[in-house]
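The values are calculated or read from the model by the stated rules, or taken from the named source; none is laboratory data. The shown structure was predicted, so the numbers you read here are calculated from the model rather than taken from an experiment. Because the Cβ atoms are built from the backbone with ideal geometry, glycine has one as well, and the counts that use them run over all protein chains shown.
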Amino acid sequence: MIVREYEKDEITVHKAPLMLMGGMVAISLALTASVTAGLFPRQSVPSEARATAGITAAQVRSLKFFDEPDGTVRVEDGASAEVLTRFGEGEGGFIRATVRSLVHQRRIRGIGAETPFTLTEWQNGNLTLADPATGRSVEVSSFGPDNRAVYQNLLPAKESTR
């Protein structure tokens, strides 16, 4: 009978893959515990790394972002209200994403849009978009040169040293 043939089949798993998977879990737990115990350094926090290295701000600009009814995002200087640029629908995806993540934190805390965001270029060339109202920040330079350039264009042009 066909049923009896299936009863004879056993599903087996070789011991070697199971032992390797168990070893991977054990190594992961051991590494996590060693970082927690201080045997390995934790991942660097950018603000702490800059403070330790003595890196200071090269340029700072306050920025305000506005969603307009037609889907455009308007970027203004936080101090002078000068319109710096506009991103139409389908444009400025990185700016939309980073600002919305920071605005979300404001909404959670019940904070309005009165306080402008701060864009800082550091002496080492990195850029940080920070929200002084919540203390949150985004290291813009971590997202690659194209995304960094979008924010770099919002800073005042550097004077040439000729």
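Which one of these does GLU91 not meet: (1) modelled with pLDDT under 90; (2) under 14 Å from LEU155 (Cα atoms); (3) not hydroxyl-bearing (Ser, Thr, Tyr)?
Looking at each condition in turn, GLU91 falls short on (2).
Restricting attention to region 125-151, and to residues there that are in a strand (DSSP E or B) and among the small types (Gly, Ala, Ser), which single residue is nearest to the chain's Cα centre (by Cα)?
My answer is SER137.
Are there any pairs, at least 6 apart or on different chains, whose C-beta atoms fall under 6 Å, with the first in region 83-112 and in the same structural domain as ASP146 (by TED's automatic domain parsing) and the second surrounded by 14 or more Cβ atoms within 10 Å (Cβ to Cβ) and among the aromatic types (Phe, Trp, Tyr), and if so, which?
VAL99/PHE65
Can you tell me which of (1) closer than 15 Å to LEU129 by Cβ; (2) of a type outside the set (Gly, Ala, Ser); (3) at pLDDT 85 or above is the one ARG109 doesn't meet?
Of the numbered conditions (1) closer than 15 Å to LEU129 by Cβ; (2) of a type outside the set (Gly, Ala, Ser); (3) at pLDDT 85 or above, the odd one out for ARG109 is (1).
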